[in-house]
1. With respect to the numbered conditions (1) among the hydroxyl-bearing types (Ser, Thr, Tyr); (2) more than 12 Å from the chain's Cα centre (by Cα); (3) modelled with pLDDT of 95 or more, which one is the sole condition not fulfilled by Thr22?
2. Residues being within 13 Å of Lys41 (Cβ to Cβ) and either open to solvent by less than 50 Å² (accessible area, probe 1.4 Å) or part of a helix (DSSP H, G or I) (or both): count how many of those fall in segment 65-83.
3. Anything in segment 34-64 that is more than 10 Å from the chain's Cα centre (by Cα), crowded, with 17+ Cβ neighbours inside 10 Å and part of a loop (DSSP other than H, G, I, E, B)? List them, or say none.
4. Give me a count of the residues in segment 84-93 that are at pLDDT below 95 and surrounded by 15 or more Cβ atoms within 10 Å (Cβ to Cβ).
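The values are calculated or read from the model by the stated rules, or taken from the named source; none is laboratory data. Treat the numbers as computed from the prediction; the structure is a model and nothing was measured. Here the Cβ positions follow ideal geometry from the backbone for every residue, glycine too, while neighbour counts run over all protein chains shown. Just so you know, the surface numbers come from the protein's heavy atoms only, side chains and all, with ligands and any DNA or RNA stripped out. Shrake-Rupley method; radii C 1.70, N 1.55, O 1.52, S 1.80 Å.
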Amino acid sequence: MSSGRRSSRTSADGEKRLADVTNELLFLVHRIPYPPNKGDKLRSFHLLKHLSRQFRVHMGCFVDDPADWKHVDTVRSLCAQAYFAPLRPVSAK
């Protein structure tokens, strides 16, 4: 069974590149995780905060409440990259 790691024969430069790649994380959330004022946002926010300490987080989420757009910069500060897709609740049903 493979552990997913490269052998020790890989050059130091190759190992560094592998380490850089393994520190990348894609985090997909169904709603913007801020403000953390509801159950799903609380869970997502704290998980994002925790993951951002060890990984370069690339996050994608929907924004279903127009008032939440003002929190985009706060969420971006925790991510290497972030994508916010507008979701119109009427057309999403």
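1. For Thr22, the failing item is (3).
2. Taking segment 65-83 first, the residues within 13 Å of Lys41 (Cβ to Cβ) are 65, 67-68, 71, 74-75.
Next cut, either open to solvent by less than 50 Å² (accessible area, probe 1.4 Å) or part of a helix (DSSP H, G or I) (or both) only: 67-68, 71, 74-75.
Residues that pass the stated criteria total 5.
3. Tyr34 - this is the single residue of segment 34-64 that is more than 10 Å from the chain's Cα centre (by Cα), crowded, with 17+ Cβ neighbours inside 10 Å and part of a loop (DSSP other than H, G, I, E, B).
4. Going through segment 84-93, the residues at pLDDT below 95 turn out to be 87-93.
Now narrow it down to the ones that are surrounded by 15 or more Cβ atoms within 10 Å (Cβ to Cβ): 87.
Selection size over segment 84-93: 1.
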